[in-house]
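Undergrad: What follows is a structure written as structure tokens; I'll ask about it next.
Nothing in this text is a laboratory measurement; each read-out follows from the coordinates by a stated rule. None of the values given here were measured: they were computed from a predicted structure. Please note: Cβ atoms are built from the backbone with ideal geometry, for glycine as well, and neighbour counts cover all protein chains shown.
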Amino acid sequence: MADSSFDIVSKLDRQEVDNALSQTAREVATRYDFKGTGATIEWKGEQGIEISASADDRASAVLDVFKEKLIKRSVSLKVLDASEPRQSGQQSKIDIALKEGITSEDAKKISKLIRDEGPKGVKAQIQGDELRVSSKKRDDLQAVISLVKGQDFDFAVQFTNYR
């Protein structure tokens, strides 16, 4: 019998992030507490978002609204790498970088966890920015999925290609 396997990846759905960003922009444009603060949120390049407002607390409030929209669209907040509010002339800005992919150090951490605490006979191999986990028994793979879900990593994890 062939091995069953699945991949552990860290990807973000750009369409969902874009939808959350445009919903946030609409809400910021219409909400009373943002009137006259010059609060905006927009894409900055391919993997970045920029929030600007007239004060630090308003910029942080826009960030909170954006996080709320991401949660409603079931996007993990672990993909966000937000900076502290910084002054840029009269504006206060927050830069947000979107994190995607599993670094080799993180992949090694996960594979060590699977080796140490996972069922016997489960193999984990690093393939670029993802991790392939394989085993003869599907029950062992289910145990590995629940083990990895139980850990609190500083990046989002998804499970794909389960076969």
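Undergrad: Which distance in nm do the two modelled labels at Lys108 and Phe153 give, with both placed 7 Å along the Cα-to-Cβ direction?
TA: Reported label-point gap for Lys108 and Phe153 is 1.5 nm.
Undergrad: Quick one: what are the phi-derived ³J(HN,Hα) couplings along the range 103-110, Karplus 6.51/-1.76/1.60 with θ = phi - 60°, whole Hz, x for glycine and proline?
TA: 5, 5, 5, 5, 5, 5, 4, 5
Undergrad: Can you work out the FRET efficiency for the pair Lys137 and Lys44, with r the C-beta to C-beta distance and R0 = 41 Å, to the nearest 0.05?
TA: Efficiency computed from Cβ-Cβ geometry: 0.30.
Undergrad: Would you kindly state how much longer the chain becomes between Asp81 and Leu98 on full extension, computed as 0.36 nm times their sequence separation minus their alpha carbon distance, in nm to one decimal?
TA: Computed gain between Asp81 and Leu98 is 5.5 nm.
Undergrad: Can I ask one more? Go through Lys99/Lys137; Lys35/Lys67; Lys72/Lys120 and tell me which ones have a Cα-Cα distance over 30 Å in this structure.
TA: Beyond 30 Å: Lys99/Lys137; Lys72/Lys120.
Undergrad: Around Ser92, which amide H atoms from residues at least 5 apart in sequence, or from another chain, sit under 5 Å from its own amide H, with H modelled in the peptide plane?
TA: Sorted by chain and number, the residues that satisfy this are Ala53, Ser54, Ala55.
Undergrad: Grab the beta carbon distance between Asp64 and Ala29, set R0 = 25 Å, and tell me the FRET efficiency rounded to 0.05.
TA: 0.95
Undergrad: Ordered by residue, what ³J(HN,Hα) values in Hz, to whole numbers, does the range 122-138 give under the Karplus form 6.51 cos²θ - 1.76 cosθ + 1.60, where θ = phi - 60° and Gly and Pro are x?
TA: 9, 10, 10, 10, 7, 10, x, 9, 9, 10, 9, 10, 9, 7, 6, 9, 5
Undergrad: Could I ask something else about it? What list of ³J(HN,Hα) values in whole Hz, one per residue of the range 153-163 in order, does the Karplus curve 6.51 cos²θ - 1.76 cosθ + 1.60 (θ = phi - 60°) give from phi, with Gly and Pro shown as x?
TA: Values per residue, Gly and Pro as x: 7, 8, 9, 7, 10, 10, 10, 10, 6, 6, 8 Hz.
Undergrad: Now a separate question. Alpha carbon centre of the range 37-77 versus the range 144-163: separation in Å?
TA: 27 Å
Undergrad: For the pair Gln125 and Arg14, how long in nm is the line joining their label points, each one 7 Å along Cα→Cβ?
TA: So the two model labels end up 3.0 nm from each other.
Undergrad: What are the aspartates and glutamates whose alpha-carbon lies under 19 Å from the alpha-carbon of Lys11, with same-chain residues fewer than 8 places away excluded?
TA: Those aspartates and glutamates meeting the cut-off are Glu46, Asp81, Glu100, Glu105, Asp106, Asp129, Glu130, Asp152, Asp154.
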